[in-house]
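> One structure, pasted below without further comment.
Just so it is clear, none of the values below were taken in a lab; they were calculated from the coordinates. Small disclaimer: the values here were computed from a predicted structure and weren't measured. Counting neighbours? That spans all protein chains shown, and the Cβs are built from the backbone with ideal geometry, glycine included.
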Amino acid sequence: MGDTMLIHNDLAALQKGLATLPRPVALVPTMGALHQGHLSLVREAKRRASSVVISIFVNPAQFGPNEDLAAYPRRLAEDVQLLESEGVDLLWAPPAEAIYPPGFSTTISVAGVSEGLCGAVRPDHFAGVATIVLKLFNQLRPDIALFGEKDWQQLVVIRRMARDLDLTHPAAEAIVGVPTVREADGLALSSRNAYLSPEDRARAAVLPAAMREAAARIAPGAQAAPALAELERALLAGGFASVDYAVLADAQSLAPLARLGPNPARLFVAARIGGTRLIDNMAVTHSPPTAPPAFSPNDD
């Protein structure tokens, strides 16, 4: 591994830089404003590959017309310092014209898994995600790609795209999900947390706490609807302005579930606090109903 991180924003220079890297190459795609969640992806990439490539591109195609594209945090100089300190080999930080040149007219649409949850609220979002990720895969040709599990639906969409299009760099089975990194109070790390006022940041801890409570109620096999309704009530009582969804769903198909079945399931929530939309998800696994403690003749 070299001591100096290569930084490219020109496609021709990028190809020359990539040719110098030992294989296998791992890619971590980002939109910058890096935090410890991103760095956990970088560290996992270093464990799995000889070379690590990071992309930073704030992708306009995945923002809706009334979303936060203009306000999205951009801190390239700070991001470069972080990546250099982690020993990253190459940073691809393209300008918009390197991704969407004049006349660009192709969109990748992944049906089914992109349509519920965030896809129902942000109808063009996952087409923008799939298109940019496929472009990055084609430009960088990684052997492995790593994504955070906080954006679970995104991970499912990208894996489905890779399977359906027979991708080889990376293949679907080399698209790795890395567990969500959380603050001490349980809030999932996100670049959008920077938007939260101190008061809203304190209130935001209600989200993971309410999700854990709902997951515990669902785990013994109970109907999900009462736990999900209570979750929504807890969020609204705790200072959230609205709840886009609170859903128990199959972890792979993302089909909503009325209760746990034989396949892995996850709890998905999106809610708004102040002007910020937060998303989170957690695995929900079967657990036996809590039994009363066994009687002992030595009990008082």
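> To the nearest 20 Debye, how big is the dipole of the chain about its Cα centre, given +1 on the beta carbon of each Lys and Arg and -1 on that of each Asp and Glu?
The calculation lands at about 340 debye.
> Turning to a different aspect of this structure: On average, how much area does the Cα convex hull of segment 1-76 cover when viewed from any direction, in nm²? Intermediate results must be reported in sequence, preceding the final value.
Values: hull surface 24.4 nm².
Orientation-averaged projected area of the Cα hull: 6.1 nm².
> Note down the nm distance, to one decimal, between modelled labels 7 Å out along Cα→Cβ at A229 and at A171.
With each label point 7 Å from Cα toward Cβ, the separation is 4.8 nm.
> Moving to a separate point now. Rounded to the nearest 5, what % of the DSSP beta bridges within the chain are antiparallel ones? Show your work: numbers first, answer last.
Details: 19 of 37 bridges.
Counting only bridges with both partners in the chain, antiparallel ones make up about 50 percent.
> Report, in cubic angstrom per residue, the convex hull volume of the C-alpha atoms of segment 64-125. Kindly include the intermediate steps, with their values, before the conclusion.
Details: hull volume 10.0 nm³, N = 62.
Output value, Cα hull per residue: 161 Å³.
> Hey, another quick one. What FRET efficiency, computed as 1/(1 + (r/R0)^6) with R0 = 45 Å and r the Cβ-Cβ distance, is obtained for R23 and A237, rounded to the nearest 0.05?
The value I calculate is 0.30.
> Something else: Enter the angle in degrees (range 0 to 90, nearest 10) between the Cα long axis of helix 152-164 and the first principal axis of the Cα atoms of the chain, meaning the one along which they spread out most.
50
> What do you get for Rg/Rh of segment 6-178 when both radii come from the Cα atoms and Rh is the Kirkwood radius?
On the way: Rg = 15.2 Å, Rh = 16.3 Å.
Computed over Cα atoms, the ratio is 0.93.
> For a Förster distance of 22 Å, can you work out the FRET efficiency between the beta-carbons of S109 and A255, rounded to the nearest 0.05?
It comes out at approximately 0.70.
> About the Cα centre of segment 21-179, how large is the charge dipole given +1 on each Lys and Arg Cβ and -1 on each Asp and Glu Cβ? Please answer in debye to the nearest 20. Display every interim value, and only then the final one.
On the way: 14 positive and 17 negative charges, 59 e Å.
With Lys and Arg at +1 and Asp and Glu at -1, about 280 debye.
> Principal axis lengths of the chain from Cα atoms, whole Å, largest first?
Over the chain, Cα extents along the principal axes are 76, 45, 39 Å.
> Hey, which aspartates and glutamates would be in cross-link range of K46, C-alpha to C-alpha under 14 Å, not counting anything within fewer than 8 residues on its own chain?
E84, E86, D89, D143
> Using only the alpha carbons of segment 191-283, determine the length spanned along each of the three principal axes and report them from longest to shortest in whole angstroms.
Principal axes ranked by extent give 41, 24, 16 Å for the Cα atoms.
> What do you get for the angle between helix 36-48 and the principal long axis of the chain? Use alpha-carbon atoms, 0 to 90 degrees, nearest ten.
Compared with the principal axis, the helix lies near 70 degrees.
> Once Lys and Arg get +1 and Asp and Glu get -1 on their Cβ, which of L167, P29, N59 lies farthest toward the positive end of the dipole of the chain?
With unit charges placed on the Cβ atoms, the residue in question is L167.
> Using the beta-carbon distance between D68 and A216 and R0 = 25 Å, what value does 1/(1 + (r/R0)^6) give for FRET efficiency, to the nearest 0.05?
Using R0 = 25 Å, I get an efficiency of 0.15.
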